[in-house]
Amino acid sequence: MKNLISAYSNRYSISQLDLADSAETNRLHILFISPFLFAFGLGDLIVLSVLQAIRGGERVVSFVYFGIFTLVSTFMFFYSRLIKKIDRSKAYYAKTAPVYLIIWTSMLASVYNFYILGQPFNGVITYCITGLLTLMVFSTSPIPFFVAMLTGLLFLAPGVKKNFGVTGLLDTILVAVLCLCCSLYKRRTEKKYILLLKKQKNNLVAKTFGNFTLLYNDNVIKFSRTKSNELIAYLIYKNGSSVQTKELISVLYGDNADSARYGASLRNLIVDIKQSLSKLEIQKFFIAEYNNFRINPEVVKCDYYDFLAGDEKSMKKFAGEFMSQYSWAEETTGFLEMKMMRSSD
């Protein structure tokens with residue numbers, strides 16, 4: 001058993017810190033998906049209410065089910081908004097929790113369709129689609145994913161055999177096994193990719209003490225547009241947190257900048273950054289999703305990050321200047337000075 005656990009850990013285990021960027025992607029996906037789930041649940045509740053008024057009859061189970069669906073989607077949305085700022089070493093499970101909530105709610109939906117509504121085909125389809133979409137959209141740990149899929153299968157198995165025969169049951173089991181295998185393959189691929197990005201980290205360096213400079217292979221990365229450098233600098237300062245379009249426009253063009261007017265300018269900066277980094281084959285550093293932008297701190301060396309981690313060499317390099325060319329960095333300079341004074345006491 002120990003050998004099996006050790007083998008699994010060596011091939012598939014990834015630290016929470018290395019998965020912090022995947023966790024942020026999961027969070028953004030949840031923010032995008034949850035309003036649709038809420039609309040679905042609320043819409044069904046309204047339809048049920050209308051049918052109740054017109055036809056009468058008992059629909060308590062349906063009301064409870066869609067009520068749970070609506071509440072769960074509401075919780076996922078607000079939870080994912082509130083969990084944005086959390087220590088990166090603890091971010092993965094905290095930000096991925098709603099993903100597992102979606103899986104379990106979908107398992108409930110498959111059982112509900114199968115046994116309560118008397119729609120076996122819809123129940124099986126919901127079960128299969130849940131597994132496949134989870135693999136396509138989210139980064140999940142194989143074990144909890146497998147537990148959820150296995151639990152759903154155990155509930156559905158008697159009904160599947162009764163309605164679709166042994167062949168139908170075997171097909172459903174095959175889907176579950178394939179989902180598990182794909183989950184393991186995806187996690188193994190993810191781990192290999194993270195190891196490759198760590199090698200990139202040796203060559204990609206962000207210097208923030210004094211003027212901000214971004215280097216790759218000891219050469220300064222030059223963007224076509226001046227503001228592109230400032231945009232990257234601000235995202236470096238945000239330390240992996242997602243920044244929305246409105247905030248970036250305010251930082252780059254002023255608090256009173258018109259979003260409609262400067263939105264096109266920001267899009268040009270995004271294109272410039274992507275093209276410049278692509279030419280240098282720098283991967284997974286600058287990330288844009290759903291009008292949210294961030295950098296991945298795990299793939300870049302940065303004196304600021306080392307300073308925050310308590311590295312003595314980085315603290316000695318700090319001479320009271322932090323991204324000096326940008327006015328928005330002035331407050332952070334004071335923070336770093338206070339942190340340095342406390343460490344010397």
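The values are calculated or read from the model by the stated rules, or taken from the named source; none is laboratory data. All figures in this text were calculated on a predicted structure; none of them were measured in a lab. We place every Cβ from the backbone using ideal geometry, glycine too, and count neighbours over all the protein chains shown. Surface accessibility is based on the protein's heavy atoms, side chains included, excluding ligands, DNA and RNA. Shrake-Rupley method; radii C 1.70, N 1.55, O 1.52, S 1.80 Å.
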**Complete:** Looking across region 118-147 at residues that are within 30 Å of A91 (Cα to Cα) and polar (S, T, N, Q), the single one that is most open to solvent (accessible area, probe 1.4 Å) is T126
**Request:** Quickly run through region 25-37 and pick out the residues that are closer than 26 Å to D87 by Cβ and either surrounded by fewer than 12 Cβ atoms within 10 Å (Cβ to Cβ) or hydroxyl-bearing (S, T, Y) (or both).
**Result:** T25, S34
**All positions within region 235-252 that are crowded, with 21+ Cβ neighbours inside 10 Å, touching a Leu at 6+ places or on another chain (Cβ under 7 Å) and part of a helix (DSSP H, G or I)** = L248
**Asked** Can you name every residue in region 322-345 that is open to solvent by 100 Å² or more (accessible area, probe 1.4 Å) and closer than 16 Å to E230 by Cα?
**Response** E330
**Asked** Applying the selection to region 1-24, what residues are of a type in the set (S, T, Y), in contact with a helix residue (DSSP H, G or I) (Cβ under 9 Å, 6 or more places away or on another chain) and either open to solvent by 50 Å² or more (accessible area, probe 1.4 Å) or under 15 Å from R294 (Cβ atoms) (or both)?
**Response** Y8, S13, S15, S22
**Prompt:** Mind checking whether some residue in region 262-275 is at pLDDT below 95, part of a loop (DSSP other than H, G, I, E, B), under 20 Å from L28 (Cα atoms) and out of contact with any Lys or Arg (no Cβ under 9 Å at 6 or more places or on another chain)?
**Reply:** no
**Complete:** Checking K207, K227 in turn, the sole residue that is closer than 26 Å to R267 by Cβ, among the charged types (D, E, K, R) and touching a Leu at 6+ places or on another chain (Cβ under 8 Å) turns out to be K227
**Message:** Tell me yes or no: at least one residue of region 33-51 is free of Cβ contacts under 8 Å to residues at least 40 places away in the same chain, under 30 Å from L117 (Cα atoms) and within 18 Å of the chain's Cα centre (by Cα).
**Reply:** yes
**Message:** With the requirement that a residue be open to solvent by 80 Å² or more (accessible area, probe 1.4 Å) and acidic (D, E), what does region 259-286 give you?
**Reply:** E281
**Prompt:** A206 versus (1) among the small types (G, A, S); (2) touching a strand residue (DSSP E or B) at 6+ places or on another chain (Cβ under 8 Å); (3) open to solvent by 10 Å² or more (accessible area, probe 1.4 Å): which is the lone unmet condition?
**Reply:** (3)
**Request:** For D255, work out the one condition from (1) open to solvent by 30 Å² or more (accessible area, probe 1.4 Å); (2) outside any helix (DSSP H, G or I); (3) under 27 Å from L17 (Cα atoms) it doesn't fulfil.
**Result:** (3)
**Message:** Being assigned to a helix (DSSP H, G or I), open to solvent by 20 Å² or more (accessible area, probe 1.4 Å) and more than 27 Å from V175 (Cα to Cα) narrows it down to one residue among V72, V47, V111; which is it?
**Reply:** V47
**Message:** Checking the condition open to solvent by 40 Å² or more (accessible area, probe 1.4 Å) and among the acidic types (D, E), which residue from E312, E298 passes?
**Reply:** E312
**Request:** Name every residue in region 148-203 that is of a type in the set (V, I, T), open to solvent by 30 Å² or more (accessible area, probe 1.4 Å) and farther than 17 Å from S13 by Cβ, in order of residue number.
**Result:** T151, V166, T167, I173, V175, V177
**Item:** Matching option when the condition is within 30 Å of S241 (Cα to Cα), in contact with a Pro (Cβ under 8 Å, 6 or more places away or on another chain) and in a helix (DSSP H, G or I), among S106, S89, S183
**Value:** S183
**Prompt:** Going through region 45-65 one residue at a time, which ones are touching a helix residue (DSSP H, G or I) at 6+ places or on another chain (Cβ under 8 Å) and modelled with pLDDT of 85 or more?
**Reply:** L45
